[in-house]
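None of the figures in this text is laboratory data; all of them are computed from the coordinates on show. Predicted model only: the values in this text are computed from it and were never measured. Cβ coordinates were reconstructed from backbone atoms using ideal geometry, including for glycine residues, and neighbour counts include every protein chain displayed.
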């Protein structure tokens, strides 16, 4: 029995690389992204590894991180004016809305401002009715932003009101 040790070594190196990627790739990635990269690497290793090395890093380059830091500072300076709005509220009101203020800052670096209102509507059909009522009250423009809005019998009134 003549074993070609070069093939054995290649096989071992191949699996060590695959297992290494299996450990490395899921770190600091969304599960869906990690699974996609792992599938590509395990099914077509040569192309998958090459693609991963070229475009697979979730880290921004130093240049892009520096640019983002400059933009963050500009954004912070531009929105600092809005911080003073909280000082016009009573201590009780400030305490009540502080969690909302912190949430808006942590999610999008936006400041909470006055003049807004919100309602929690747990009933889907009531939400549609309220949206239609707001659209009908508008005089010029309506800005509607949804991640997914499918045309069906429930949402048909929204589409009708927008025409």
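Test of understanding: ordering 5, 15, 37 by Cβ neighbours within 10 Å, fewest first, what list do you get? If you can, show how the numbers build up before the last one.
Details: 5 7, 15 11, 37 20.
Least crowded to most crowded, the residues run 5, 15, 37.
With each run of n ≥ 4 DSSP H residues scored as -39500 (n - 2.57), what mean residue ellipticity at 222 nm is computed for the chain after dividing by its residue count and rounding to the nearest 500 deg cm²/dmol?
On the way: 7 runs with 101 residues, N = 163.
Estimated from H runs of four or more residues: -20000 deg cm²/dmol.
Fewest Cβ neighbours within 10 Å first, please rank 158, 35, 71 accordingly. Intermediate results must be reported in sequence, preceding the final value.
On the way: 158 19, 35 13, 71 10.
Starting with the residue having the fewest Cβ neighbours, the order is 71, 35, 158.
Over the Cα atoms of the chain, compute the convex hull volume and normalise it per residue, giving Å³. Before the final figure, lay out each step's value.
Details: hull volume 41.9 nm³, N = 163.
Taking the convex hull of the Cα positions in the chain, it is 257 Å³ per residue.
Residue 105 to residue 22: extension gain in nm, 0.36 nm per residue of separation minus the Cα-Cα distance?
Working: separation 83, 0.36 × 83 = 29.88 nm, distance 3.53 nm.
Gain on stretching residue 105 to residue 22: 26.3 nm.
Nearest 0.05, what FRET efficiency do residue 40 and residue 66 give at R0 = 45 Å with Cβ-Cβ as r? List each step's numbers first, then the result.
On the way: r = 31 Å, r/R0 = 0.69.
Working from the Cβ atoms, E equals 0.90.
How would the range 5-55 be classified by its alpha-carbon gyration tensor: rounded, prolate or oblate, with rounded meaning a/c under 1.5 and the a/b versus b/c comparison settling the rest?
Numbers: a/c = 2.69, a/b = 1.96, b/c = 1.37.
Prolate, because a/c is 1.5 or more and a/b exceeds b/c.
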